[in-house]
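Structure first, commentary second.
The values are calculated or read from the model by the stated rules, or taken from the named source; none is laboratory data. Given the structure is predicted, the values throughout are model-derived calculations rather than measurements. Using ideal geometry, Cβ is built from the backbone for each residue, glycine included, and neighbour counts are taken over all protein chains shown. Quick note on the areas: whole protein, heavy atoms, side chains included, nothing else; ligands and nucleic acids left out. Shrake-Rupley method; radii C 1.70, N 1.55, O 1.52, S 1.80 Å.
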Amino acid sequence: MARTQRNKNTEHHIGLLKAKVAKLKRELIEGAKTKGPGGEGFDVSKSGDARIGLVGFPSVGKSTLLTKLTGTFSESADYEFTTLTCIPGVIRHKGAKI
């Protein structure tokens, strides 16, 4: 903005840009307002060289795949939404922990 020439044509655009910057700063300080109900979040502690998340439809084998690859126990059953929490596991591949 400092390098932009000031004239009648650019004053309006500079004003809009300053307003957007002020709005984003305010949201950053106050925290972004979310629309709708906020669900419970979860956090996976960082370990290893990378983090991978398995996301997919219910009853497609995400928990079974996690159990087979990492050796961790993840509950699975014949009904949907068996796994309701985050299950961390570590895979070793070519010397890297994933």
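Can you confirm whether Val55 is at pLDDT 75 or above and either open to solvent by 60 Å² or more (accessible area, probe 1.4 Å) or over 30 Å from Arg3 (Cα atoms) (or both)?
Values: at pLDDT 75 or above: yes; either open to solvent by 60 Å² or more (accessible area, probe 1.4 Å) or over 30 Å from Arg3 (Cα atoms) (or both): yes.
For Val55, the condition - at pLDDT 75 or above and either open to solvent by 60 Å² or more (accessible area, probe 1.4 Å) or over 30 Å from Arg3 (Cα atoms) (or both) - is met.
For region 6-50: of the residues being more than 29 Å from Pro88 (Cα to Cα) and at pLDDT below 75, which is least open to solvent (accessible area, probe 1.4 Å)? Give the steps one after another, and end with the answer.
Pass one, region 6-50, residues more than 29 Å from Pro88 (Cα to Cα): 6-30, 33, 35.
Filter once more, keeping what is at pLDDT below 75: 33, 35.
Details: Lys33: 170, Lys35: 193 Å².
Out of the qualifying residues, it is Lys33.
List every residue pair whose Cβ atoms sit under 7 Å apart, with the two residues 6 or more apart in sequence or on different chains, where the first one lies in region 50-61 and is closer than 21 Å to Asp78 by Cβ and in contact (Cβ under 8 Å) with a residue 12 or more places away in the chain and the second, anywhere, is surrounded by fewer than 10 Cβ atoms within 10 Å (Cβ to Cβ) and aromatic (Phe, Trp, Tyr).
Listed pairs, sorted by first residue: Pro58/Phe81.
If you take the residues of region 77-89 that are out of contact with any Gly (no Cβ under 8 Å at 6 or more places or on another chain) and open to solvent by less than 90 Å² (accessible area, probe 1.4 Å), which of them is farthest from Ser45 (Cα to Cα)?
Within region 77-89, the subset out of contact with any Gly (no Cβ under 8 Å at 6 or more places or on another chain) is 77-88.
Add one more test, that the residue is open to solvent by less than 90 Å² (accessible area, probe 1.4 Å), and what stays is 77, 82-83, 86-88.
On the way: Ala77: 26, Thr82: 22, Thr83: 18, Cys86: 10, Ile87: 11, Pro88: 8 Å.
Per the stated criteria, the residue is Ala77.
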